[in-house]
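> Handing you this structure, nothing more for now.
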Amino acid sequence: MKNQSVSNNIDWISIVIYTLLVILGWLNIYSSSLSSMEDTYQKQLIFIVLTIPLIFVVLSVDGKFYEKYASIIFIISLLSLVGLFAFGKTIAGQRCWYAIGSFTLQPSEFAKAATSLALAKYLSDTQINLKEVSRQWQALAIILLPVMLILPQPDPGSALIYSIFIIVLYREGLPAWYVVTGFVTVLLFILTLVLEPQYVILIGLAVLVIVHFKSRLGDRNIVLSSILFALITAFVFSVDYVFDNLFKQHHRDRFNILLGKTVDMKGIGYNTNQSEIAIGSGGWIGKGFLEGTQTKGGFVPEQHTDYIFTTVGEEWGFAGSLVVIALFAGLFLRIIYLAERQKTKFSRVYGYCVAGILFTHFFVNIAMVVGIFPTIGVPLPFFSYGGSGLWGFTILLFIFIKMDANKVNEW
Amino acid sequence: MRKVLLPSLIIIATSLLLIRIFYLQVVDDTLKLKSENNAIKKKYEYPERGYIYDRKGKLLVANQASYDIMVIPREVKKTDTLEFCQLLNITKEDFIQKIAKAKVYSPRLPSVFLSQLNKSEFAAFQEKIRKYEGFYFQKRSLRDYEVGFGANIFGFITQVNERLVAKNPYYNSGDLIGQQGVEQSYEDLLRGVKGVKYVQKDKYNREIGSYKDGKYDTIAVQGEDINLTIDAELQKYGEELMLNKRGGIVAIEPSSGEILALVTAPSYDPGILVGRQRSKNYTELYRDSIAKPLYDRGLLAEYPPGSPFKILTGLIGLQEGVINEQTTFYCNHGFSYGRGRFMKCHAHPPAQQLHNGIYNSCNTYFAQAFMLTINKYNNPAKAVDIWSNHVKSFGLGQFMGYDLPTGKRGKIPDSKTYKKIYPNGGWRSTTIVSNAIGQGEIVMTPIQLANMMATIANEGYYYTPHIIKKIEEHKIDEKFTTKHVTTIDKKHFKPIISGLSDVFNLGTARALKVEGIDICGKTGTAENFAKIGGKRVQLKDHSIFVAFAPKDNPKIAIAVMVENGGFGAAIAGPIASLMIEKYLRQKITRIDLEKKILATSLQSEYAKLGGLSAKVKAQMRIRDSILNKKIAIPVVKVKIDTTKEKKQAI
């Protein structure tokens, strides 16, 4: 009876999109793996097949389980991240895998779901009001704990994903100025790199003066505005300092290439240049499945993982890219729609987290591949090669689908 | 508001990505091109160039295999370097240096280790090449000259220049192309069509298979063989006779316009422009600006024709009706005209009619005939134009349209010419009387002279001279089988020809008579000047001789020009008569004359002009290169029969 109610209430739209994305992902991995002589497409097929029992487990667990054990799942997940420092396997300079036989598992892929559960659990407490500063700090602590463990691996890409939780918190009542501050910070950062620091400060001053007088803040708030200006000045100079002195050369290169400050097609710019060529050569309808010359030639590095979208672009063209992007956007919006109609705050917050995490991955990944974002290793959900990623995203999504299907029972 | 933020972000971000992707895929064209350069390589399969035969089917130019030893440094294993070096006849230092050079280019891509080995050099190595990992060979096809003459006719093969690559999409940088001679004029037929294979490359530039299973690949089409109108024996003989002289010989079959021989001197052995020595040798030929071995004098050298032009003066006089066979002019060592001007003539009986006027080459007779022609009309401009048209109907004063890539128009003056020279007018027949005897404003090339003789032999028509006799699968150009008829009536040729015949019986070429062959000919001399040390100096006359034979049913018309050879009968005449004898009889009876001509050297005369002629002679044109070419050619040649068989199979 219970199982039947799950299948009746399950959101088939999400599942269909999910299935399509996984299949399309595999086809593109198949195409890109032909050049490398590796059996990545076979392995990925095994990973995909293994998601089926995984989905059944996730769906058949009692609906209350996730809420009940959210804290414990979170703690286990944190411990798994801590354990990396002792038992982790280092691949390509990153210590973020556990090796089990020939398979490797990346705990940070599962930590996102765990963190989402923990955050949802914390916010679902009716006592919590995010207008209170102490609550804000507590919520931030939940987010920053895994970030602190992931950053030193080092895996800045995975850590970056957690920034989307700010948007989730905002949805649940976090004051707007957090978001504004975050946005302004990023803007100032980019401007400082593009322009000279003194010009950025001048622009900041001009904006502050206009805002101050337009909004008639009066003399009393002149102190506030001044402090704000001081902060901007300090930030701009510190960015300049950090960028020049604390960033490693390859980080600087990534930004510089993105901002068009340096051109280097053979060295550090190679990845982006090749991925742009591959995508650009696709034209309107692409070269056809298995016909991508760039894909066959193996010109794009990491094509089956982070750069899998180049295969889509080359072999399926703008039409194919449009379909894939539309599928992703449809999934995100569907999840948000579902989240908004949840009866409990727990499942709504969780749904928001799912949409946010998937979206951030999607955007950062494709933006990097098409050359409008620095080179940061972030997989494309359901597409990129890798068991941990696929399973992590699958669990993340299906926990929410289970919650959504279960909402009837909560009456 | 709070609910809207994330969905809006998603929509904005998605649109941003789509715009960017649209830009990359649809707007920006450069990426597509880059991708092709990246991943698709066109590999060309070069067909074998067509062979060149002479008119009797003798093979003149074939192909030879040459081998480049290639190396992929990364794949080279430690082997017996000593043996390797011995097989290829290089030193160990060479070996180390060449490997290092290849490594600098790329460790994983093939580069040329040793280029253009001939078959015998390659044979020893071929057996053992499998022992040496990382080495392999690439076969190329080069021209193989079966004869040591005819360089000016064949032209040569060279790398196509970048200007042509940009203009003609068929050629790629580094392709070979025929230049000069028939290699240039029949390039399209000889080269065939190269085949293209599209190959998929990977990021290391390695080939990883054919692109789209060879859907766009094309097969190479073999070049076509051609037969030239050249008679190899005659050509060879002509070049031998011209040794140590400068000038040209052009022989034409009157009944067809086929060029039987096209000799220029000095020339060079075509074999020296093949193989490893090519560029060094070419530079040397190119730099010799005095002897100009690359300059085809038969086609390009413009001279005042001198006396042979009197034939046309006579013909035009007859056609215009101002003279007839009985018209008599008196000549006393020349004649005076205009205001105290005097044209000299040499010693001969004073009363001259057309017949003896020709064989005595009387200046007075033809000057008078010319003046009568011009004075027939009240208006000298009109008269000159009529005269000019007659002359031009012999194919003179214009590009003749033959199938060799170089040529000169020559110059036949008309009223416009004199309007330019004398803008105020006032010129009359006396002013331009030099034209009567082939001087004045007239210049002609040897091939034009030869064609003029062919036209006379034909009694009033000619076919455009051409060098192509047969093409494997094409017809030769129609223009070579189209008759050009002159403005002179056929009947006027008879007396002229009879006069020309007596040049050998009674006239200036008495000494050159060949027993049993009735030759019609005419001597000529052309004055010439050069600037030596800033002063204008008159040099020894150019020796000119034109002829055709036999008188009835002529088989050969010929023009010989020897620079600074003196009187026409001195050297050009003997050469012409020997050539005629050779062609008609295949053997020479006048051994002494032949010996004398072969031994004649004008190098001391040419030395006055300066330059390196002696050195050039020694290097480029030793007699041995003709008589025994195997010694003279640096590259040992081995015929490859296999390629030819394959070709026939196709």
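Where a number appears in this text, it was derived from the coordinates with a stated rule and is not lab data. Here the structure is a predicted model, which means the values were calculated and not measured. All Cβ positions, glycine included, derive from the backbone under ideal geometry; neighbour counts span all protein chains shown.
> Counting only other chains, and only Cβ atoms inside 10 Å, what mean value do you get across the residues of A:319-330?
Working: counts 1, 1, 6, 4, 0, 1, 6, 2, 0, 3, 8, 1.
Across the residues of A:319-330, the mean count of other-chain Cβ atoms within 10 Å is 3.
> I'd like to compare B:534-546, B:161-173, B:236-248: which one has the highest average count of other Cβ atoms within 10 Å, and what's the full order after that? The partial results should precede the final answer.
Values: B:534-546: 19.3, B:161-173: 11.5, B:236-248: 24.2.
Descending mean neighbour count gives B:236-248, B:534-546, B:161-173.
> Could you pull the Cα extents of chain A along its three principal axes, largest to smallest, in whole Å?
The principal-axis extents, from largest down, are 66, 59, 46 Å.
> Set the Förster radius R0 to 60 Å, insert the Cβ-Cβ distance between B:V537 and B:Y44 as r into 1/(1 + (r/R0)^6), and round the FRET efficiency to 0.05.
Working: r = 55 Å, r/R0 = 0.91.
With a Förster radius of 60 Å, E is 0.65.
> Using the beta-carbon distance between B:V27 and B:D213 and R0 = 25 Å, what value does 1/(1 + (r/R0)^6) give for FRET efficiency, to the nearest 0.05?
With R0 = 25 Å, the Cβ-Cβ based efficiency is 0.20.
> Considering the options A:S14, A:F400, A:I46, tell which one lies farthest towards the positive end of the dipole of chain A, charges being +1 on Lys and Arg and -1 on Asp and Glu at the Cβ, about the Cα centre.
So the residue we want is A:F400.
> So how do A:290-301, B:464-475, B:87-98 stack up, highest first, on mean other-Cβ count within 10 Å? Write out the running numbers ahead of the final one.
On the way: A:290-301: 23.4, B:464-475: 17.4, B:87-98: 14.2.
Packing proxy ranking, top to bottom: A:290-301, B:464-475, B:87-98.
> I need the trypsin sites (Lys or Arg not before Pro) found in the stretch B:298-389, filtered to DSSP loop residues with at most 10 other beta carbons within 10 Å of theirs. Could you put the intermediate results ahead of the total?
On the way: sites: B:K310, B:R339, B:R341, B:K344, B:K376, B:K382; in loops: B:R339, B:K376.
Those that pass, being in a loop and sparsely packed, are B:R339.
> Separate question: Taking 7 Å along the Cα-to-C-beta vector as the label spot, tell me the B:N89-A:H250 distance in nanometres, rounded to one decimal.
5.3 nm
> Further question on the same structure: Using mean Cβ contacts within 10 Å as the protection proxy, how do B:441-454, B:5-18 order, highest first? Could the numbers behind the result be given before it?
Numbers: B:441-454: 27.6, B:5-18: 16.9.
Peptide ranking by packing, descending: B:441-454, B:5-18.
> Please give me, ordered by residue number, the GluC sites (Glu not before Pro) of the stretch A:67-173 that lie in loop per DSSP and have at most 16 other Cβ atoms within 10 Å. Please report the intermediate quantities before stating the final value.
On the way: sites: A:E67, A:E109, A:E132, A:E172; in loops: A:E132, A:E172.
The qualifying sites are A:E132.
> Using a cut-off of 11 Å between beta-carbons, work out the net charge of the residues near B:Y418 (Lys and Arg +1, Asp and Glu -1, B:Y418 not included).
Numbers: positive: B:K416, B:K419, B:K420, B:R428; negative: B:D385, B:D414, B:E441.
After counting each charged neighbour, the total is +1.
> Averaged over A:278-288, how many beta carbons belonging to a partner chain fall within 10 Å of each residue's beta carbon?
On the way: counts 6, 6, 14, 10, 7, 6, 3, 1, 1, 2, 1.
Mean shielding count: 5.
> Give the order of B:R510, B:R590 when sorted by the count of other beta carbons within 10 angstrom, beginning with the fewest. Before the final figure, lay out each step's value.
Details: B:R510 13, B:R590 17.
Placing the least packed residue first, the sequence is B:R510, B:R590.
> Could you give the dipole magnitude of chain B about its Cα centre, charging the beta-carbon of Lys and Arg +1 and that of Asp and Glu -1, in debye to the nearest 20? Intermediate results must be reported in sequence, preceding the final value.
Values: 95 positive and 65 negative charges, 388 e Å.
For this selection, approximately 1860 debye.
> Oh, and also: I'd like the antiparallel share, as a percent to the nearest 5, of DSSP beta bridges with both residues in the protein assembly as shown. Mind showing how you got there, number by number?
Details: 82 of 85 bridges.
Rounded to the nearest five, the antiparallel share is 95 percent.
> Which of B:Y337, B:L285, B:G317 sits farthest toward the positive end of the charge dipole of the stretch B:232-589, with +1 on the Cβ of Lys and Arg and -1 on the Cβ of Asp and Glu?
My answer, from the dipole projection, is B:Y337.
> Could you derive backbone 3J(HN,Hα) for the stretch A:188-201 from the dihedral phi with the Karplus parameters 6.51, -1.76 and 1.60 (θ = phi - 60°), listing whole Hz in sequence and x where the residue is Gly or Pro?
4, 4, 5, 4, 4, 6, 7, 9, 6, x, 5, 5, 4, 5
> Another question, then. Per residue of A:361-370, what is the mean number of Cβ atoms on other protein chains within 10 angstrom of that residue's Cβ?
Working: counts 0, 4, 7, 1, 1, 7, 4, 0, 3, 9.
The shielding value for this peptide is 4.
> Turning to a different aspect of this structure: If I model a spin label as a point 7 Å beyond the Cα along the Cα-Cβ vector, how far apart are those points for B:F137 and B:S15 in nm?
Each label point lies 7 Å from its Cα, and together they span 6.8 nm.
> While we're here: Just grab the label-to-label distance for B:T283 and A:L144, each label 7 Å out from Cα along the Cβ direction, in nm (one decimal).
So the label points at B:T283 and A:L144 sit 7.5 nm apart.
> Which of B:K522/B:K551; A:K64/A:K121; B:K56/B:K479; B:K98/B:K194; B:K382/B:K419; B:K513/B:K540 have a Cα-Cα distance over 19 Å? It would help to have the intermediate numbers written out before the result.
On the way: B:K522/B:K551 13 Å; A:K64/A:K121 12 Å; B:K56/B:K479 23 Å; B:K98/B:K194 31 Å; B:K382/B:K419 12 Å; B:K513/B:K540 25 Å.
Checking Cα-Cα distances, B:K56/B:K479; B:K98/B:K194; B:K513/B:K540 exceed 19 Å.
> Here's something else I'd like to know. As a check on your grasp of the helix formula, calculate [θ] at 222 nm for chain A: sum -39500 (n - 2.57) over DSSP H runs of n ≥ 4, divide by the residue count, round to the nearest 500. Show your work: numbers first, answer last.
On the way: 17 runs with 287 residues, N = 411.
Value at 222 nm, helices only, nearest 500: -23500 deg cm²/dmol.
> Ranked by Cβ crowding within 10 angstrom, fewest neighbours first, how are A:L149, B:L312 ordered? It would help to have the intermediate numbers written out before the result.
Working: A:L149 23, B:L312 29.
Fewest to most other Cβ atoms nearby, the residues stand as A:L149, B:L312.
> For chain B, what is the percent of antiparallel DSSP beta bridges, rounded to the nearest 5? Intermediate results must be reported in sequence, preceding the final value.
Working: 76 of 79 bridges.
Of those bridges, close to 95 percent are antiparallel.
> Let me ask something additional. In deg cm²/dmol and to the nearest 500, what is the mean residue ellipticity at 222 nm of chain B if only DSSP H runs of at least 4 residues count, each as -39500 (n - 2.57), divided by the residue total?
Details: 26 runs with 233 residues, N = 650.
So the calculated ellipticity at 222 nm is -10000 deg cm²/dmol.
> Considering Cα pairs under 8 angstrom that are at least six residues apart, work out the relative contact order of the stretch A:2-410 and quote it in whole percent. Working shown, then result.
Working: 516 pairs, mean separation 113.4, N = 409.
Relative contact order for the stretch A:2-410 comes out at 28 percent.
> On to the next question. In which sequence would A:R341, B:R143, B:R278 go, from the one with the fewest C-beta neighbours within 10 Å to the one with the most?
Values: A:R341 11, B:R143 22, B:R278 17.
Exposure proxy ranking, most exposed first: A:R341, B:R278, B:R143.
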